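Down below is the structure, laid out as structure tokens.
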Amino acid sequence: MFRKFTKLYMVLLFFLIIVGGINIFMVDEPSDQQQNQLENKVTQTTPGYSTMTTIAQISTTHLLENAILDIQVTPTDDKEDVLLQLQTSEFLTEDMLLKNTYNMLQDIQKIETIDTFTFAWYMLIKSENTEVLALTLDREGLNKVVTTSYQALPTIATDYKKHEVLQ
């Protein structure tokens with residue numbers, strides 16, 4: 001009698017293994033195109049993604065080369081705090097960096113979801129990438145950009161730092 005149950009268990013086990021194996025190979029996996037579409041939908045609904053891509057487009061429009069080091073968008077409620085780090089390949093004066101910043105701010109200030117915006121310009125100094133100019137503007141400062149000149153940026157910024165090489 002013990003042998004009958006052993007044979008029955010062996011047949012049942014063999015049947016379960018075959019059904020499980022067939023089931024594994026029959027599972028419908030999404031195609032690469034479906035997977036990419038799903039990833040795009042998830043990415044586009046991610047908070048800050050739209051702002052990040054808009055700022056990247058503005059940066060590439062105003063700068064001659066690909067100077068973006070990093071873009072960080074931190075969503076808070078319905079507003080966003082943005083940090084844009086840029087690399088300059090040549091030595092520029094404070095005046096030139098402010099002009100480049102001002103030109104980009106003309107477009108950036110139109111993005112209503114931005115609460116604070118920080119520019120950080122980097123330059124190679126003694127073979128090290130060094131922050132040479134950083135300025136932060138709150139929403140009030142961003143709104144003032146259209147009515148001021150590039151020379152007034154340090155006065156409307158909530159935080160303004162420049163490296164000694166720009167002195």
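Numbers below:
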{"item": "Other-chain or far-sequence residues with amide H under 5 Å of LEU124's (modelled H)", "result": "THR130"}
{"item": "Unit charges at the beta carbon, dipole of the chain: most positive-side option, GLY20, LEU124, GLN33", "result": "GLY20"}
{"item": "On Cα atoms only, tilt of 32-44 relative to the major axis of the chain in degrees", "result": "40 degrees"}
{"item": "Net charge dipole size for segment 80-150 [Lys, Arg +1 and Asp, Glu -1 on Cβ; Debye, nearest 20]", "result": "200 debye"}
{"item": "Sulfur and carbon atoms: percent of accessible area, the chain [1.4 Å]", "result": "56 percent"}
{"item": "Close Lys-Lys pairs in segment 32-167, where close means Cα under 24 Å and separation is 8 or more or interchain", "result": "12"}
{"item": "THR74-GLN57 pseudo-label distance in nm [points 7 Å out on the Cα-to-Cβ vector]", "result": "2.6 nm"}
{"item": "Cβ charges +1 (Lys, Arg) and -1 (Asp, Glu), total dipole of segment 32-167, debye", "result": "260 debye"}
{"item": "Crossing angle, helix 94-108 versus the chain [Cα axis fit, 0-90 degrees, rounded to tens]", "result": "50 degrees"}
{"item": "Label selected from (1) 31, 19, 12; (2) 48, 17, 12; (3) 58, 19, 14, the criterion being semi-axes √(5λ) of the Cα gyration tensor in Å as computed here", "result": "(3)"}
{"item": "All Cα pairs of segment 78-167, percent lying beyond 22 Å", "result": "24 percent"}
{"item": "Accessible solvent surface per residue of the chain, calculated while the other protein chains remain in place, 1.4 angstrom probe, Å²", "result": "68 Å²"}
{"item": "Charge-dipole axis of segment 62-167 as Lys and Arg at +1 and Asp and Glu at -1 on Cβ define it, positive-most pick from LEU133, GLN87, THR148", "result": "THR148"}
{"item": "Residue-averaged [θ]222 nm for the chain, counting only DSSP H segments that reach four residues, each worth -39500 (n - 2.57)", "result": "-14500 deg cm²/dmol"}
{"item": "Extension reserve of the ASN143-ASP95 stretch, reckoned as 0.36 nm per residue once the Cα distance is removed", "result": "15.2 nm"}
{"item": "At most 16 other Cβ within 10 Å, DSSP loop - chymotrypsin sites (Phe, Trp or Tyr not before Pro), segment 88-151", "result": "PHE91"}
{"item": "Contour minus Cα-Cα distance for GLN37 and ILE22 (0.36 nm per residue)", "result": "2.5 nm"}
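The values are calculated or read from the model by the stated rules, or taken from the named source; none is laboratory data. The shown structure was predicted, so the numbers you read here are calculated from the model rather than taken from an experiment. As a convention, Cβ positions derive from the backbone with ideal geometry for all residues, glycine included, and neighbour counts pool all protein chains shown. Ligands, DNA and RNA are excluded from the accessible area calculation, which covers all protein heavy atoms including side chains. Shrake-Rupley method; radii C 1.70, N 1.55, O 1.52, S 1.80 Å.
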